[in-house]
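Structure first, then comments.
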Ligand SMILES: [Zn+2]
């Protein structure tokens, strides 16, 4: 299963990289993944739970550390190492 909602949102709203506070996709365990897009203090989250395979697309307030709870099994999905990745992404933008 692919995560497409955030990609569609970016396309529809013509979101540019500099509009985003944060944008990432991570693998979770063997089958799970999470995608996060942060704009104006609001986080758009799409995930596939690594524990039960549940898919959800939601919006929530952006805060660190960022945690999303699976609405089916209650698994806590963490998006870690924000600072490091933001630095890395900025470096990549300059190149
Ligand atoms: Zn779950």
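Here is how the numbers come out for the structure above:
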quantity: Ranked list, fewest to most other Cβ atoms within 10 Å of each Cβ, for 49, 70; calculated: 70, 49
quantity: Exposure proxy order (Cβ contacts within 10 Å, fewest to most) of 79, 38; calculated: 38, 79
quantity: Distance in nm between pseudo-label sites at residue 15 and residue 1 (7 Å out along the Cβ direction from Cα); calculated: 2.0
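FYI, it's all coordinate maths here, none of it is from the lab. Computed from a prediction, not measured in an experiment: that's the story for all the values here. Glycine also receives a Cβ, built like all others from the backbone with ideal geometry; neighbour counts cover every protein chain displayed.
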